[in-house]
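What follows is a single structure, written as structure tokens, with notes after it.
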Amino acid sequence: MADVGDVDVLAYDSTHFESYAALADTLRPVIERHDDVVLVAESFAGPLGVLLAHRHPRRVRGLVMAASFVRALPFSRIGATLLQGMPAVAPPLFALERLLAGSGLPAPLRAEFEAIIATLPLAILRQRAMAALRVDVTTELAALDIPVLYLQARHDRLIWPKAGRDVIRLSRNARHAVIDAPHFLFQMSPLPAAAEIGRWLDGLSGDTRG
């Protein structure tokens with residue numbers, strides 16, 4: 001995707017987490033260094049992308065959400081309450097891998113995934129999970145006056161199709177595409193995902209020229 005312009009990875013401290021709003025505050029200086037931003041937010045980062053776009057309407061001109069969500073399912077808040085009261089026990093790696101990547105995760109990606117999980121404190125994983133189970137940025141999404149692309153992973157075992165339908169229904173200008181992939185959409189199907197984003201970006205360029 002580097003041929004479409006400068007690409008910055010918006011990284012945040014993996015050893016600390018307060019809330020989605022606090023993450024948006026942390027990334028504000030990065031967004032303010034640019035005048036023409038297209039945000040690409042995957043999975044947990046989807047609500048963060050919506051918040052950043054909402055807070056910086058003059059800088060963000062498009063948002064891509066991949067295998068993500070803008071609000072929790074009706075029973076998710078109950079799940080967050082139960083999770084908060086449970087002992088802090090790490091889930092088995094093989095179960096996480098199966099949930100997120102299915103059965104075809106290549107060895108290099110598996111090693112990278114295991115290394116990332118090993119560096120994340122269990123308390124932070126827990127806090128992120130509870131935030132995702134309680135989040136609601138539907139009001140912010142509905143207020144966005146920018147194009148939105150939602151990439152749905154066809155074999156996603158974590159994010160239900162309803163999450164994508166919510167994004168399409170609430171957005172003023174949204175496009176929906178299905179990628180033949182598990183939840184790890186970008187990792188497992190990078191070329192089809194990049195092609196969809198490229199076509200969508202071409203449309204944005206055409207709108208700008210028009």
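The values are calculated or read from the model by the stated rules, or taken from the named source; none is laboratory data. Note that the coordinates shown come from a computational prediction; the quantities given were computed from them, not determined experimentally. All Cβ positions, glycine included, derive from the backbone under ideal geometry; neighbour counts span all protein chains shown. Please note that ligands, DNA and RNA were not included when accessible areas were found on the heavy atoms of the full protein model with its side chains. Shrake-Rupley method; radii C 1.70, N 1.55, O 1.52, S 1.80 Å.
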Computed ³J(HN,Hα) along region 24-29: with the Karplus parameters 6.51/-1.76/1.60, θ = phi - 60°, integer Hz and x for glycine or proline, the list is 4, 4, 4, 8, 3, x
Expected vector for region 175-187, Karplus 3J(HN,Hα) from phi with 6.51, -1.76, 1.60 and θ = phi - 60°, integer Hz, x for Gly and Pro, equals 10, 10, 9, 10, 10, 6, 7, x, 4, 6, 5, 5, 6
What helix-only [θ] at 222 nm does the chain give? Using -39500 (n - 2.57) per DSSP H run of at least 4, over all residues, to the nearest 500, the answer is -15500 deg cm²/dmol
Under the Karplus relation with 6.51, -1.76 and 1.60 and θ = phi - 60°, whole-Hz ³J(HN,Hα) for region 125-130, x at Gly and Pro, equal 4, 5, 5, 5, 4, 5
Rounded to the nearest 10 degrees, the helix 76-85 long axis (Cα) sits at an angle to the longest Cα principal axis of the chain of 40 degrees
Exposed chymotrypsin sites (Phe, Trp or Tyr not before Pro) being those in a DSSP loop with at most 15 other Cβ atoms within 10 Å, the longest stretch of the chain free of them is 76-210
For Ser68, the residues 5 or more places away or on another chain with a placed amide H closer than 5 Å to its own amide H are Ser43
Sorting His34, Thr139, Ala177 by the position of each Cα along the dipole of the chain (Lys, Arg +1; Asp, Glu -1; all at Cβ), the one nearest the positive end of that ordering is Thr139
Taking Cα pairs closer than 8 Å and at least 6 residues apart, the relative contact order of the chain in percent is 23 percent
Toy charge model, Lys and Arg Cβ at +1, Asp and Glu Cβ at -1: the chain dipole around Cα centroid in debye, rounded to 20, equals 700 debye
Distance in nm between Val30 and Val178 label points, each 7 Å along Cα→Cβ, equals 3.2 nm
Within the chain, excluding any trypsin sites (Lys or Arg not before Pro) found in a DSSP loop (not H, G, I, E or B) and having at most 11 other Cβ atoms within 10 Å, the longest uninterrupted segment runs 59-210
Taking a crude spin-label model, label points 7 Å out from Cα along the C-beta direction, the Arg55 to Ile124 distance in nm is 1.9 nm
Across Ala67, Ala95, Ala153, the residue with the highest GNM fluctuation in the chain (Cα network, 10 Å cutoff) is Ala95
Here the FRET efficiency for Val7 versus Arg199, based on Cβ atoms and R0 = 22 Å and rounded to 0.05, is 0.80
Any residue on another chain or 5+ positions along whose placed amide H is under 5 Å from the amide H of His176 is listed here as Tyr150
Mean accessible area per residue over region 100-210 (1.4 angstrom probe, all protein chains present, square angstrom) is 52 Å²
